[in-house]
Amino acid sequence: MLALMRTAWIINRRLLLQFSPWLLVYLGVVVFGQCDGDSLKMSLSLTFFATLITVIVTLQGLLLPVEDFILSLPISRAQVVGAKYLSSLLGMAAGFALPLLTGLLAHLLAPSHVHAFSAEALSIGGLAALGLAFGVFLFLPFIYQFGPTRGFTCFSLTLVAAFAACLAWKGRWGCTKALLDFGSHMLESRPFAFTVIAGVSVFGVLSLLFSIWTYRHMVAIGGHPLSFSNIRSALARSVSLRPQKF
Amino acid sequence: MTNLLEIRNLTKSFGTFALQRVDLDVPAGTITGLVGANGAGKSTLIKLVLGLLPPDGGEVNLFGQDALKHGQALRQRIGFVQESPTLYAHLRVPELGRMVASFYNAWNEATWRRLCGLFELPLKTPFSKLSQGTRMKTALALALSHEADLLLLDEPTSGLDPLVRREVLDLLLEVIQDEGKAVLFSTHITSDLDRVADHVAILKSGCLVMAGAKDELLDAWSLVKGGEDLLAGPLRDRCRGGQRSDVGLTLLCEGTEVLEKMLPPGALLERPSLEDLVYFHGREMSIHPSQGTPWQGEVPCSL
């Protein structure tokens, strides 16, 4: 497991270095967002940055057919899955920590120009982190059940279906309002917030267990890395819900 | 001689392909070549040994232990190189070395550095920018740097230029200087086997049609050349494949001395090459109108 985390660190460090010009630009945007002290703007830029890093870290390895190589190493499949969950969550934590630290540093250096992150912005950021963790816990079982291409396609279709169902149920603005109400309720009511956090944690554990279980029975997903052409062909084949064979 | 790898009745099927009841031993101190056409099942067999694929039936024993039960621990002693190695594209060779090193207890940094130097691996180029040959050499260096007892190489020489190919084959010979180690490598280039293999296993359409010491196999078979009358006599029962051309028949037959007595006048007996064994075994011939019943090569699946 440690070796896998070390691998994730080596890979992600290189990835982040490759993306560093863009990340620096975006960290500048985050700091710029702190200038007028608007909490919503701060939390949105924070969340966007964290999502970006989480997506990069979670997708690494799925973009390449490296599965055969990884599974030929002296590790178990459960360890592979566990390391992926852990690295995704650590990536998410880093995604929040980086702009927070940058913002704090900018505030300390120029307190009259850059506002500190407000408690409200941090709370909204916390909500976003919970949503992001939920997204990761939902995404990974699809990947381990169906392979990267079909898994990504099924995950996207699930999101679209959920959105469509919400639209049909609540109407055009009803969905947004329901989401905002949910967030507000979490911020106002501690017991409710703890219940939701506990719920997401339980979902995370179940998601991990399911991924471990299903990945043990997965034949091989190597050879079908995540790519737009593969997604297109998966969609064209109308996504039969069976594990991919190589 | 101890067997580092023992495969018994191994079967695996998916779609229209089936690997059928394969039995194979890889003794210590030997290089075993797994040869066959594309799609014969070579890569599948290697993946089954490594546990990348679950078998439908049969047993795989590595170093005397059940590979299915103890796969994770046993892989510490295996070096694997896949066909067209795909590693993390954006990582450089030293980073790949550091990454792989953390998985193996017996990682030897000195060996890794020596191999990087020997193969002249570029240290500052991302893996994705390396040529096919350099990728293969990188994968080989990674597989050889943790003192693996068994090397499983899936077409390690395909796509390599002759010079590098020779280097790689020489390296395999160097590996088995240690009598406790062995190499199983798949290829469809029989000249590689001629050069380094002690044992050969020939796969055809998922069937292991021949396996054994290379020289014994070559001594056990003959290539018979002659006219159409070859198939009329007792020779026919000993034949396992052949080809008809404008100048006559070429048949692959079991046996050597015994065949000489069966030869019709004008027929020739030759020692086959490995390529002949692979090419002719099970090869069906078109039906000739002058022959009573059509003749077909027979491909027995069990040896």
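Take the Cβ-Cβ distance between B:T11 and A:L167 as r, set R0 to 51 Å, and report the resulting FRET efficiency rounded to the nearest 0.05.
Numbers: r = 51 Å, r/R0 = 1.00.
Taking R0 as 51 Å, the efficiency between B:T11 and A:L167 is 0.50.
What does the C-alpha gyration tensor say about the overall shape of segment A:53-131? Classify as rounded when a/c is under 1.5, otherwise prolate if a/b is larger than b/c, or oblate.
Details: a/c = 3.88, a/b = 2.80, b/c = 1.39.
In terms of gyration-tensor shape, prolate.
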Could you line up B:R98, B:R271, B:R75 from fewest to most neighbouring Cβ atoms inside 10 Å?
B:R271, B:R98, B:R75
May I ask you to sort B:V247, B:V81 by Cβ crowding, counting other Cβ atoms within 10 Å and putting the fewest first?
B:V247, B:V81
In deg cm²/dmol and to the nearest 500, what is the mean residue ellipticity at 222 nm of chain B if only DSSP H runs of at least 4 residues count, each as -39500 (n - 2.57), divided by the residue total?
-8000 deg cm²/dmol
Label point distance in nm, B:M1-B:N105, each placed 7 Å from Cα along Cα→Cβ
2.8
Structure-based [θ]222 nm, chain A - -39500 (n - 2.57) summed over DSSP H runs of at least 4, per residue, nearest 500:
-27500 deg cm²/dmol
Against the empirical 2.2 N^0.38 Å scaling, what ratio does the C-alpha Rg of segment B:1-55 come to?
1.16
Largest fluctuation, B:V93, B:V35, B:V60 only, Gaussian network model of chain B with Cα springs under 10 angstrom, belongs to B:V93
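Which of B:H188, B:H281 has the fewest other C-beta atoms within 10 Å, and how do the rest follow up to the most?
The most exposed by this proxy come first: B:H188, B:H281.
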GNM top mover of A:R13, A:R77, A:R172 - chain A, alpha-carbon springs below 10 Å
A:R172
Along each of its three principal axes, how wide is the spread of alpha-carbon positions in chain A, in whole angstrom units, largest first?
59, 45, 34
10 Å-binned pair-distance histogram of the protein assembly as shown (Cα, whole percent)
3, 15, 21, 21, 15, 11, 7, 4, 2, 1, 0
Among A:S88, A:S45, A:S112, the residue with the largest mean-square fluctuation in a Gaussian network model of chain A built from Cα contacts under 10 Å is A:S112
Starting from the 7 Å offset along Cα-to-Cβ, what nm value, one decimal, do you get for the label separation of B:E179 and B:Q132?
4.0
By its C-alpha gyration tensor, with a ≥ b ≥ c as the square roots of the eigenvalues, how is segment B:219-280 shaped: rounded for a/c under 1.5, else prolate for a/b larger than b/c, else oblate?
oblate
Go through the cysteines of chain A and tell me which have no other cysteine Cβ under 4.7 Å away.
A:C35, A:C154
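Quick note: the coordinates plus some simple rules give every number you see, no bench work behind them. Values in this document were obtained by computation on a predicted structure and should not be read as measured data. A quick note on method: Cβ atoms are made from the backbone with ideal geometry, for glycine too, and the neighbour counts reach across all protein chains shown.
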